Amino acid sequence: MSSTHLSIAITGAGGAGVISCGELLLQAWARLGGRGLLRKAYGPQIRGGESAALLKLTEDERYTAADHYHLLVALDWDNFSRFEDEIQLGPDTWVLCETGAEIPAAVLALQPHVLEVPMAELAKSAHPDGRVNMLALGLLGGLLGLPVDSLCQLAQQKLARKAEAYQDAAVASIRSGCAQSLDCELHPPALGDTGTWYLSGNQAAGLGALEAGIRFVAAYPITPASDVLEWMAGGLEQVAGQLVQAEDELAAINMTIGAAFGGVPAFTATSGPGLALMSESIGLAVASETPLTVFNVMRGGPSTGIPTKSEQSDLNIALHGLHGDAPHLVLAPLDIADCVFTTGWAVQLAQQLQTAAIVLSDQFIGQSTAVVSEPRRCAAIASAPAEPSAGGDYLRYKLTDSGISTVASPGDVDQRFTADGLEHNEKGTPSAKHSDHQQQLQKRQDKLEQFDYGEQWAALSGSGPVAIVSFGSSSAAAAEAAVQLSASGTPARTIALRLLAPLQTDALAQALAECERVVVVEQNHGAQLYRYLRGQMDFQQPLHSYAMAGPVPLNAKHIAQFVAEVSAV
Amino acid sequence: MNNAVQLKAKDYKSAVKPIWCPGCGHFSVFNAITKAMAALAISKDDTVMISGIGCSSRLPAYVDSYGFHGVHGRGLAIAQGLKVARPDLTVMAMGGDGDGFSIGGNHFIHACRRNVNMTYIAMDNEVYGMTKGQASPTTPMDWDHSKLTPHGPGVRPFKPAALALASGAPWIGRAYSGNPNQMAKLIAQAVEFEGFSFLHVMSQCITFCPEQTDWKAIVHERGEPALTDADEAAKLFLHEDGFQTGLLYSERRATWPPESAVPQSEDALGQLAASFRV
Amino acid sequence: MANETLAGFLAHSIELESEARERYTELADAMTGHHNRDVAAFFLRMAEEARHHLAEVAQLAQGMLLPQLKAWEFDWPEAEPPETASYEDMHYRMSLRQAMTLALANERAAESYYRNVATSSDDQDTARIAGVFADEELSHAAELERLLAQLPENPLHQLEEDDDPHMPE
């Protein structure tokens, strides 16, 4: 019997290797055509603290966080209480742990099925360097029917740089685990097609950026965005690009501006606090019409907030954080695979429209790893026809119908100009005249508003009298809620916004045609999307807000309940 | 651009006229930059002037090259990003003492350390001019002309050359606005130097610090070959009066970024994508 | 260097006059931007005179191969060529009298420079031409002195003003 999903939590402390265990398990599962998501949760210690690999094996790619675990593999119980919020257990949960270990009373109180296995002893007898995490991997592989050779090979691949004996120990432990027979009943979901990819949202974003032409990155480390930058450091080397580690976010954004001014598509990645620091210079990019992409991986805020946990609370600053009237692009990838598409699209739009694009990913899709079908790519946007300046006098900020002017870069013959954050005239010469200010403000607005963004502004799905509107990573939970609602006889349509600014109000109104009510779903406390939408357009139907702050991921069941409740009133 | 015609300094000036007060030392820096460009027969199309905010940061628009007038304190970051992305260009960053040593101080330190092959000209008049004459990091402790610090800033002024040396700058020179020809020579040397060259220019502010006209009597040329040893340079910069001009210190160091040793493949993007396949 | 050969001397003369012209033009622009029209007009006139003199020198140098010197390779008694007005002596509220006094000092410095070449050069042509140039500068100086005598004395507080400076950025 298969189910829609199977959730497995693997926890442990002090270098127990739970993350590797989860990664290898998901990869072996993916090789068979399985789908699944791996989230990682950590304590505050850099090394040695407790950690959890949170797996959700699924039959589709609508990846939401598990709200209930079918299996908990506790390599030890050190500080397990830290994960109590995140790892919900119940009487139907199987708990697999070390024989004789003291199980926390809170866990026992839930009356799960407990399976004690002498993991340490089995690992030691398999190999002098035998390890419990690899033994557990073998046990899990056995439970899921994964080929033991595949697990061993994946482990060797991962440990390729370690000593041979260390690899041998892993293989021996996995084989020993696989050979055990456990009295445990799990119902894994059905397998799908093979030929999938295995990657994190942050990696996907990096790939999307490079494929769209990014060849310069300025980087200042910040959780949870650092791994975008780290992946790109390696990637850029392969494509003759450059990455500079900057001294701070102020430098990072300005280096990006410098490279972009040089005609090299440029990118930086950060998270809330860094975005705040970058804001002044994003305004400079807008005013000087220098294209750049800022990839913001959101985390709990404000201030240092909850750096390792997800939240969608940087929407306000992304939309409204620039001083002055500074129209720019704000986009949000809808899921891990969509990070390739949306980042690539953002880069292309920024280049085409000569402005700043802020992309709002978040810790959930950024740092989770998933098995996905080959990601869709953003087709190349045809560039606007160059409008040559009249009389050979190059006008960098020439007023055109589209609002887009021909851009020259240093090295171009006889098109010299000085880009300026000061308001300027068509030539770029500083000007405080009302007419110049008015014209340039209008030009910068027009080029964004007149552009045809096509069908990609949102992902639309389903039909029904209720619309669930979301952006970015909350869209998976919204979609899951819609499925549950449809199953219970109240069909709902979903509108997952990919382009947040400029908001495609006409298209959104059309998507809401004949809709009786709208529920806006987001993961923040202040209902930022809800308020933004209300400010941007007049809705014909009641608008309800479902806004839930992090760090606990959005729960599709709760969303479905909320939609049902407001619909019943 | 047709380089066959030898350009004169005035040919490197744009049609935009400086807004500086008559008597401002920055005219002299502008003059020296264009003279250095003429002497080096630099291609206008391949040169970029980058600045932050302040009186001196208005300079890029006055030069007939490419330019970027950015935000306060960030000129060096823009310049480094550009030079790393476009190593074929000649990149010069410039700005004042407030822009470079206060709001942009961190970028100054790290630009010295990073050693990207470019030139930075700091026009130091010991005052914020655009905001009506407040004390800057190089203002004397007892300078009490600003309403913001009516009893003087009361803190020791920076020694930009010492700071640059400690941060790893491999080329440190000082010029004075009263001697644009010597400055032009230093700028030409700075541009030709392979690495980050820092030229500290004492550039008087006639409006807020009229007492700086006295500099003429104090400034003196060092007149000795540049030091090539950082220890000796440290002694010099910590004990000097801050008014000696010339190329003071120069030492060859590996520039950043180094040449890439990674072999390039035509299908690099395809391979990167393939690395994610299960 | 300037007094050794005619070519070297002419190269210096050309630089001296073209720098004077450039500087006066630049200062005139700056004064125009600061609405000091009298001084701007005067500096423009001085630039025009320098242009005249430059044309004369260029005429003399026609057909000669002059040394190509960089800005800092010339040999001047001071940091800048003698007739070049110092940027740092300017003030946007300077009176015509002050501007003219500065210009007079420049003319005298130029005269002194040329005179020095005329008396010290071993090259006959150089000495003769330098002498002519010195006399020209002398006549310019005399003209300025004449004009200065007609100008009123400066008020005591010429440079003072009531408003505070502006805050442009």
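Values in this text are rule-based calculations from the coordinates and carry no lab data. Computed from a predicted model, the values in this text were never measured in an experiment. Note that each Cβ is placed from the backbone with ideal geometry, even for glycine, and that neighbours are counted across all protein chains shown.
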- Among the residues of the range A:118-128, count how many are surrounded by 17 or more Cβ atoms within 10 Å (Cβ to Cβ) and in a loop (DSSP other than H, G, I, E, B). 1
- Query: Hey, residue A:310 hits all of (1) surrounded by fewer than 24 Cβ atoms within 10 Å (Cβ to Cβ); (2) in contact with a helix residue (DSSP H, G or I) (Cβ under 6 Å, 6 or more places away or on another chain) but one; which does it fall short on?
  - Reply: (1)
- Query: Could we say that residue B:54 is assigned to a loop (DSSP other than H, G, I, E, B), within 20 Å of the chain's Cα centre (by Cα) and crowded, with 18+ Cβ neighbours inside 10 Å here?
  - Reply: yes
- When residues of the range B:251-278 are filtered for being outside any helix (DSSP H, G or I) and surrounded by fewer than 11 Cβ atoms within 10 Å (Cβ to Cβ), how many remain? 8
- Query: Could you say whether any residue in the range A:218-236 is surrounded by fewer than 24 Cβ atoms within 10 Å (Cβ to Cβ), charged (D, E, K, R) and facing chain B (nearest Cβ under 10 Å)?
  - Reply: no
- Message: Looking at residue B:18 and the list (1) under 16 Å from the mean Cα position of the chain (by Cα); (2) more than 9 Å from chain A (Cβ to nearest Cβ); (3) outside any helix (DSSP H, G or I), which single condition is not satisfied?
- Response: (1)
- Only one of (1) buried (at least 20 other Cβ atoms within 10 Å of the Cβ); (2) out of contact with any Pro (no Cβ under 9 Å at 6 or more places or on another chain) is not met by residue B:7, so which one is it? (1)
- Query: Is at least one residue of the range B:72-88 in contact with a Pro (Cβ under 8 Å, 6 or more places away or on another chain), of a type outside the set (Asp, Glu) and more than 7 Å from every other protein chain (Cβ to nearest Cβ)?
  - Reply: no
- Task: Check A:355, A:418 and return the single one that is free of Cβ contacts under 8 Å to residues at least 24 places away in the same chain and under 30 Å from residue B:15 (Cβ atoms).
- Result: A:418
- Task: List the number of the failed condition for residue C:34; all other conditions in (1) under 23 Å from residue B:15 (Cα atoms); (2) touching a helix residue (DSSP H, G or I) at 6+ places or on another chain (Cβ under 8 Å); (3) not acidic (Asp, Glu) hold.
- Result: (2)
- Can you tell me which residue among A:193, A:168 is away from every other protein chain (no Cβ under 14 Å) and either surrounded by 24 or more Cβ atoms within 10 Å (Cβ to Cβ) or touching a residue at least 24 places away in the same chain (Cβ under 8 Å) (or both)? A:168
- Query: In the set C:161, C:153, which member is surrounded by fewer than 13 Cβ atoms within 10 Å (Cβ to Cβ), in contact (Cβ under 8 Å) with a residue 40 or more places away in the chain and within 14 Å of another protein chain (Cβ to nearest Cβ)?
  - Reply: C:161
- Item | Those residues of the range C:87-101 which are within 9 Å of chain B (Cβ to nearest Cβ), part of a helix (DSSP H, G or I) and touching a Phe, Trp or Tyr at 6+ places or on another chain (Cβ under 9 Å), in sequence order | C:87, C:88
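One line per residue, one yes/no per condition, for (1) in contact (Cβ under 8 Å) with a residue 40 or more places away in the chain; (2) surrounded by fewer than 17 Cβ atoms within 10 Å (Cβ to Cβ):
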{"site": "B:189", "(1), (2)": "yes, no"}
{"site": "B:205", "(1), (2)": "yes, no"}
{"site": "B:215", "(1), (2)": "no, no"}
{"site": "B:227", "(1), (2)": "no, no"}
{"site": "B:230", "(1), (2)": "yes, yes"}
- Are any residues in the range A:438-481 closer than 20 Å to residue A:66 by Cβ and of a type outside the set (A, V, I, L, M), and if so, which ones? A:470, A:472, A:473, A:474, A:475, A:480
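Residues checked against (1) assigned to a helix (DSSP H, G or I); (2) over 14 Å from the mean Cα position of the chain (by Cα); (3) buried (at least 21 other Cβ atoms within 10 Å of the Cβ):
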residue	(1), (2), (3)
C:81	no, no, yes
C:85	no, no, yes
C:103	yes, no, yes
C:108	yes, no, no
C:138	yes, no, no
C:148	yes, yes, no
- Item | Search result, residues across the range A:118-140 that are farther than 22 Å from residue A:165 by Cβ and either free of Cβ contacts under 8 Å to residues at least 12 places away in the same chain or not aliphatic (A, V, I, L, M) (or both) | A:118
